[in-house]
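Have a look at the structure below, then the notes.
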Amino acid sequence: QVQLVESGGGLVQAGASLRLSCGASGRTFSSYAIGWFRQAPGKEREFVATISLSGGVTNYADAVKGRFTITRDNAKNTVYLRMNSLKPEDTAVYYCAAKATYRDFTAIASYDYWGQGTQVTVSS
């Protein structure tokens, strides 16, 4: 079992940067692919980015491609989401999630474990 805790959210102005962290418990962290999702008020949760078990493969939603970067440090049991050039439409609660395989990585239902989320608010 994996427990995930997100941190690093906050209130920033448009154009600023933030780095979110997803810390995990358990010695099998490197056995899981990690995804970041977000949910804005009144909207469905959506895929943002994902990284493979080793960190060698990443994928991004079109809306964040070129602005966000996902990385992982398996020695620290942590995945990061660097967010640059933030826009007001990036405002949402950001969640990290873990799954045992790197298939169907945009599918919310395919993830086994979720964190509690961290709020990101971007003002115009």
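Are any residues in the stretch 75-100 of a type outside the set (A, V, I, L, M) and open to solvent by less than 50 Å² (accessible area, probe 1.4 Å), and if so, which ones? First the steps, then the outcome.
Initially, the stretch 75-100 is screened for residues of a type outside the set (A, V, I, L, M), giving 76-78, 80, 82, 84-85, 87-91, 94-96, 99.
If the condition is that a residue be of a type outside the set (A, V, I, L, M) and open to solvent by less than 50 Å² (accessible area, probe 1.4 Å), then Asn77, Thr78, Tyr80, Asp90, Thr91, Tyr94, Tyr95, Cys96, Lys99 are the ones that fit.
Residue pairs, Cβ under 6 Å, 6 or more apart or interchain, first in the stretch 8-34 and in contact (Cβ under 8 Å) with a residue 24 or more places away in the chain, second open to solvent by 50 Å² or more (accessible area, probe 1.4 Å) and aromatic (Phe, Trp, Tyr). List them.
Qualifying pairs under 6 Å: Ala33/Tyr102.
Look through Ala75, Ala109 and report the one residue that is among the aliphatic types (A, V, I, L, M), in a helix (DSSP H, G or I) and either in contact (Cβ under 8 Å) with a residue 12 or more places away in the chain or within 20 Å of Gly23 (Cα to Cα) (or both). Outline the logic, then answer.
Working: Ala109 fails: either in contact (Cβ under 8 Å) with a residue 12 or more places away in the chain or within 20 Å of Gly23 (Cα to Cα) (or both).
Checking each option against the conditions leaves just Ala75.
Out of the stretch 30-63, which residues are farther than 17 Å from Tyr80 by Cα, loosely packed, with under 13 Cβ neighbours inside 10 Å and not acidic (Asp, Glu)? Break it down stepwise before answering.
So in the stretch 30-63, the residues farther than 17 Å from Tyr80 by Cα come out as 39-46, 62-63.
This time we only want the ones that are loosely packed, with under 13 Cβ neighbours inside 10 Å, so: 41-44, 62.
Within the stretch 30-63, Pro41, Gly42, Lys43 meet the criteria.
The values are calculated or read from the model by the stated rules, or taken from the named source; none is laboratory data. Since the structure is predicted, the reported quantities are computational estimates derived from the model, not experimental observations. Methodologically, a virtual Cβ is constructed for each residue, glycine included, from the backbone with ideal geometry; neighbour enumeration extends over all protein chains shown. Accessible surface is based on the protein model in full, side chains and every heavy atom, while ligands, DNA and RNA are left aside. Shrake-Rupley method; radii C 1.70, N 1.55, O 1.52, S 1.80 Å.
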